[in-house]
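Q: What follows is a structure written as structure tokens; I'll ask about it next.
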Amino acid sequence: MTDHELHLSAEPGPASALHRRRESNRASAIAAPDETARRIALEHRVAELERELAQMRGHEATWQAERGRLLVALEAAEREVADLPALEYEAEVTRDTAYWLGVVQSSWSWRLTRPLRAVSRLAGRMRRRPRRS
């Protein structure tokens with residue numbers, strides 16, 4: 001310490017300010033490696049968080065694509081459900097028609113008129129045939 005600094009350190013006001021300044025310089029010189037390590041740790045954490053964010057964005061894009069696919073499948077299923085009453089009606093009509101056709105074909109009148117129907121089909125074919133010269 002110089003004489004001037006000794007003289008100032010004897011006075012209570014300005015000497016304590018000088019002492020604090022010197023201590024802060026020492027502390028900053030010592031804290032600089034800690035500050036660098038802290039900054040490096042923060043940069044690593046930021047990089048890690050950016051990687052996680054990129055992964056989450058990728059997952060979000062995948063989920064949105066899956067959601068879109070599921071919505072399309074849901075709409076198709078809803079259309080099929082809307083068509084069910086019409087299909088049930090058609091199935092019922094077809095079942096009834098098949099039943100009554102079986103009843104008619106098993107009747108005596110159908111069996112007895114079978115030769116007449118065969119002759120009429122044959123006559124129809126003969127009329128449609130072009131005549132050869």
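The values are calculated or read from the model by the stated rules, or taken from the named source; none is laboratory data. Everything quoted here is computed from the prediction, not taken from an experiment. Cβ atoms come from the backbone with ideal geometry, glycine included; neighbour counts cover every protein chain shown. Please note that ligands, DNA and RNA were not included when accessible areas were found on the heavy atoms of the full protein model with its side chains. Shrake-Rupley method; radii C 1.70, N 1.55, O 1.52, S 1.80 Å.
Q: Between residue 119 and residue 96, what length comes free when the chain is fully extended (0.36 nm per residue of separation minus the Cα-Cα distance, one decimal in nm)?
A: My answer for the length gained is 5.4 nm.
Q: Okay, next question. Quick one: accessible surface of residue 49, probe radius 1.4 Å, all protein chains present, in square angstrom to the nearest 10.
A: 80
Q: Solvent-accessible area of residue 38, probe 1.4 Å, all protein chains present, reported in Å² to the nearest ten, please.
A: 150
Q: Restricting things to alpha carbons, find the Rg to Rh ratio for region 75-130 using the Kirkwood radius for Rh. Walk me through the numbers before you get to the answer.
A: Details: Rg = 19.9 Å, Rh = 14.9 Å.
On the Cα set of region 75-130, Rg over Rh gives 1.34.
Q: Please find the FRET efficiency linking residue 88 to residue 129, where r is the Cβ-Cβ separation and R0 is fixed at 41 Å, and quote it to the nearest 0.05.
A: Approximately 0.35, to the nearest 0.05.
Q: Report the extension gain between residue 54 and residue 40 in nm, rounded to one decimal, defined as 0.36 nm multiplied by the number of residues separating them, less their alpha carbon distance.
A: 2.9 nm
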